[in-house]
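Heads up: the structure comes next, in structure tokens.
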Amino acid sequence: MLNPSAKSSDRKLTLRAIAEPDLDQVLALDHSALGGLWNRDGYQREIGNDTSALVGLWLEPSAEDRKEAHREKQLIGLGCVWFIVDESHIVAIAVDSPHQHQGLGQLLLLALLQNSHRRGMTRATLEVNCNNFRAIALYEKFGFKQVGIRKKYYPNGDSAAILWLNRLGWPQFIDTLQQWETTVGDRLHQHHWQWIPEAP
């Protein structure tokens, strides 16, 4: 979805599947945003895996940056989901610190849910730190409900909230996805992002 009112000054985003040449940027983002969730082998296992989807969010350099500094696309977000029978397990969503709280996490979550719906999944689940109130609010905005707590789930002793979304298999869920796409697009536009979608 491209916003027809996007300005030439808007920052352009591309959402696509992560490939092996992207791994250096993936590991750098993992280190800064996730504290070293996986190593190179861990991410490499997800690339081309039929039972998962690993997507990246890329900031396109401006024409001036590309000309003067030979800058390439910059990875500023990633998301990963595992497909287990008819369930989607969202295992990672990360956004580079300077670009947080601008709708990019919503875009990544939307992409993972769209992918899950295309795969025929009927529900989605995830764990999130009980102290991460912003993330919990994001998931609840997308219809996730808390169903339990995993005590001392994280290495630092923090507990995790277990969240579920149970309506992915409903025929009308495609309408919900389209509504969320419009909402996410509006949020991105408010922060001068222009989304250039590619199939993840």
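Rule-based calculations on the coordinates, nothing more; no lab input. All values derive from a computational prediction rather than experimental measurement. FYI the Cβ positions are ideal-geometry reconstructions off the backbone, even for glycines, and counts take in every protein chain you see.
Side notes on the structure shown:
- The magnitude of the dipole of the chain, with charges of +1 and -1 set on the Cβ of Lys/Arg and Asp/Glu and taken from the Cα centre, is near 500 debye.
- In the chain, Cα pairs under 8 Å separated by at least six residues give a relative contact order of 27 percent.
- Ignoring lysines fewer than eight residues from residue 73 along the same chain, the ones with Cα atoms less than 22 angstrom from its Cα are 7, 12.
- Cut-off under 5 Å, modelled amide H: who pairs with residue 195 long-range: 3, 13
- Positive-end residue of 128, 17, 146, charge dipole of the chain with Cβ unit charges: 146
- Under DSSP loop assignment and at most 15 Cβ neighbours within 10 Å, longest GluC sites (Glu not before Pro)-free interval of the chain: 73-197
- Sorted largest first, the principal axis extents computed over the alpha-carbon atoms of the chain equal 51, 38, 32 Å.
- Ellipticity at 222 nm from helices only: DSSP H runs of n ≥ 4 in the chain, each -39500 (n - 2.57), divided by the residue count, give -9500 deg cm²/dmol.
- Net charge dipole, region 102-200: roughly 400 debye, given to the nearest 20, about the Cα centre with Cβ charges of +1 for Lys and Arg and -1 for Asp and Glu.
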